[in-house]
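The values are calculated or read from the model by the stated rules, or taken from the named source; none is laboratory data. Bear in mind that the values here come from a model prediction, so they are computed numbers and not experimental data. Backbone-built Cβ (ideal geometry, glycine too); neighbour counts: all protein chains shown.
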Amino acid sequence: MRVEVHVFFPFRAEIGDGPVFLDLPSGADVAGAVTALVERYPQLRERIFDPEGRIHRHVAALVNGTSIQFKRGLATPLSDGDVLTLLPPVGGG
């Protein structure tokens with residue numbers, strides 16, 4: 001299946017503009033897509049994964065515009081044609 005991944009600043013600086021398309025096995029989930037993205041762009045590894053290999057909790061992910069925290073988290077299944085969006089931490093106050 002093919003998933004479209006949108007990555008926003010500051011992550012975009014490492015991969016350029018525009019979406020990334022990942023060809024994933026059927027049944028892949030968000031964690032698998034993020035792992036595939038980092039395999040393609042290893043310079044993202046430290047920005048997305050912590051030293052133990054877990055996705056940093058400050059990295060937000062949306063599937064088709066809905067936060068994965070309202071779904072099954074990193075185990076949220078993906079389907080052909082889905083759009084995965086990765087957002088950096090947001091601060092303010």
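Quick notes
- Some residue of the range 30-52 being at pLDDT below 85, at negative phi and either hydrophobic (A, V, I, L, M, F, W, C) or within 12 Å of the chain's Cα centre (by Cα) (or both): yes
- Among the residues of this structure, Phe21 counts as one that is at pLDDT 95 or above, touching a strand residue (DSSP E or B) at 6+ places or on another chain (Cβ under 8 Å) and aromatic (Phe, Trp, Tyr).
So that you can scan it fast, the table gives a plain yes or no per residue for (1) touching a Lys or Arg at 6+ places or on another chain (Cβ under 9 Å); (2) under 19 Å from Thr76 (Cβ atoms); (3) exposed (fewer than 12 other Cβ atoms within 10 Å of the Cβ); (4) not aromatic (Phe, Trp, Tyr):
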residue: Glu4; (1), (2), (3), (4): no, yes, no, yes
residue: Leu22; (1), (2), (3), (4): yes, yes, no, yes
residue: Ser26; (1), (2), (3), (4): no, yes, yes, yes
residue: Ala31; (1), (2), (3), (4): no, yes, no, yes
residue: Leu37; (1), (2), (3), (4): no, yes, no, yes
residue: Phe49; (1), (2), (3), (4): no, yes, no, no
residue: Arg54; (1), (2), (3), (4): no, yes, yes, yes
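- Matching residues in the range 1-54 - criterion: being of a type in the set (D, E, K, R) and touching a residue at least 12 places away in the same chain (Cβ under 8 Å): Arg2, Glu4, Glu14, Asp23, Asp29, Arg40, Arg47
- Among residues of the range 30-72 being small (Gly, Ala, Ser) and in a loop (DSSP other than H, G, I, E, B), the one that is farthest from Met1 (Cα to Cα) is Gly53.
- Subset of the range 73-88 (residues that are among the small types (Gly, Ala, Ser) and either exposed (fewer than 12 other Cβ atoms within 10 Å of the Cβ) or part of a strand (DSSP E or B) (or both)): Ala75, Gly81
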